[in-house]
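> Here it is, the structure in full.
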């Protein structure tokens, strides 16, 4: 027994030693040097005189905001109600990505951290079991007044917000967006509602629906421009047959108005649940509002057209601006893409269209006045056009800005400046 006990202890001891060594061999050799938070948005607290309360707003602004000139304005995307906080980060991220690849304009995104839910009380009409009414706790018209007279002017003044606004409502938080679509046609230019097939069957009075109110609004103003999206998960539809009836009724009643003025999309999101469908619905709704064929122009094709390159680019974006009702400018800079003024200016320069290249680079500077790279590109084009004094001036400005904004590449700007000075000296000696 002693021998067996000794053997067992020996085996256990070796097992412990080798296991310990194995664990040690898998320990990471890395150690944290430092850490810092990644900030993508901010939280603002303000006092509303109209609502007589303090409000807390989450706001995301485009990355280019502080670099871009004041020529740039940004649509506002407002996420409604208590769901706004829940989905703020996800929606901001999707919009950030889609705008970076020019599938939609860069936009400001806002939501509110609120216990007060501003929305009309609506009659259930059997949508939610035996419950007679869906009741909220604050006056929606007072909230609308707050948006019109306080918040939207503030966003315009502080963040260059454009007069183009979108509102997103999810499930129960879609009641206010539905209310504005029916009663405040000019407050938002686009309405996105998700998981809302039950809500459109509710109404201001018993046995009336939001669908009735929508139709009435368009009868009164058949030429009103609107974008309306409703997306519902397949799982919601399979469990609630009245939802299908509501969606079909919505399409039927608004079909007489779906012309160039009303863009309507009602769809079922396959293989998804109530909240899980939001990302797919968001992507689908943005494609409806900002279709790819309009929002992803090929600059190289535009400059191949007869006429001046920059004028052709401007004409394209002016038409887009007219369609949407706010100023839409060509991208000055765009990550990993040829569809920007930065790239197309260089393309014109390579193709020997030097004067057109200079025009494009000057516009790029107008849109990015703090960019040393933009000034250096202009300097290169001016140098190629034998405008050495102007090239020198542009490169001096590039170097000045580089000392403030781009010190990593300071030597590159200095070398280019020295090169131009040498050329000028040789020219003066002739």
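> With n ≥ 4 as the cut-off for DSSP H runs, can you work out [θ] at 222 nm for the chain, using -39500 (n - 2.57) per run divided by the number of residues, rounded to the nearest 500?
Calculated at 222 nm, the ellipticity per residue is -15500 deg cm²/dmol.
> Could you state the number of Å between the C-alpha centres of the range 364-430 and the range 48-78?
If we compute the Cα centre of each part, the gap is 35 Å.
> What FRET efficiency comes out for residue 34 versus residue 205 if R0 is 51 angstrom and r is the Cβ-Cβ distance? Round to the nearest 0.05.
Efficiency, rounded to the nearest 0.05: 0.25.
> Looking only at 174, 296, 35, which one moves most when the chain is put into a Gaussian network model with springs between Cα atoms under 10 Å?
35
> While we're looking at this one, here's another question. Report, to two decimal places, the Cα Rg of the range 68-109 normalised by 2.2 N^0.38 Å (N = number of residues).
Here the Cα radius of gyration is 1.25 times the empirical estimate.
> I'm a student and want to see the number: the projected area of the Cα convex hull of the chain, averaged over all directions, in nm².
Here the figure is 35.7 nm², rounded to one decimal.
> Spin-label point model (7 Å from Cα, Cβ direction): what's the residue 54 to residue 304 distance in nm?
6.0
> By counting other Cβ atoms within 10 Å of each Cβ, how are 28, 327 ranked from fewest to most?
In increasing order of surrounding Cβ atoms, one gets 28, 327.
> Related question: Fewest Cβ neighbours within 10 Å first, please rank 268, 77, 56, 412 accordingly.
In order of increasing Cβ crowding within 10 Å: 56, 412, 268, 77.
> If I model a spin label as a point 7 Å beyond the Cα along the Cα-Cβ vector, how far apart are those points for residue 370 and residue 294 in nm?
Placing both labels 7 Å beyond Cα along the Cβ direction yields 3.2 nm.
> Using 0.36 nm per residue of separation minus the Cα-Cα distance, give me the extension gain between residue 423 and residue 263 in nm, one decimal.
Full extension from residue 423 to residue 263 adds 51.7 nm.
> Fully extended, how many nm does the chain gain between residue 42 and residue 350 (0.36 nm per residue separation, minus their Cα-Cα distance)?
Difference between extended and current length: 106.6 nm.
> Another question about this same structure. Given a Förster distance of 35 angstrom, what is the FRET efficiency for residue 386 paired with residue 319, based on the Cβ-Cβ distance and rounded to 0.05?
0.45
> Let me ask another. Given a Förster distance of 22 angstrom, what is the FRET efficiency for residue 403 paired with residue 66, based on the Cβ-Cβ distance and rounded to 0.05?
0.75
> Distance between the C-alpha centers of the range 148-210 and the range 125-144? Whole Å please.
15
> Grab the alpha carbons of the range 295-429, take their convex hull, and tell me the volume per residue in Å³.
In the range 295-429, the Cα hull volume divided by residue count equals 110 Å³.
> Once you treat every alpha carbon in the range 56-197 as an equal point and sum by Debye, what is log10 I(q)/I(0) at q = 0.12, 0.19 Å⁻¹?
Treating every Cα as an identical point scatterer, log10 I(q)/I(0) equals -0.50, -1.16.
> How much length would be gained if the chain were fully extended between residue 142 and residue 273, taking 0.36 nm per residue of separation minus their Cα-Cα distance, in nm to one decimal?
43.8 nm
> So, one more: Could you please rank 39, 144, placing first whichever residue has the fewest other Cβ atoms within 10 Å of its Cβ?
Ordered by Cβ neighbours within 10 Å, fewest first: 39, 144.
Any read-out appearing in this document is the output of simple, stated calculations on the displayed coordinates, not a laboratory observation. If you're wondering where the values come from, they're calculated on a predicted model, not measured in any experiment. Heads up, the Cβs are rebuilt from the backbone with ideal geometry, glycines too, and the neighbour counts pull from every protein chain shown.
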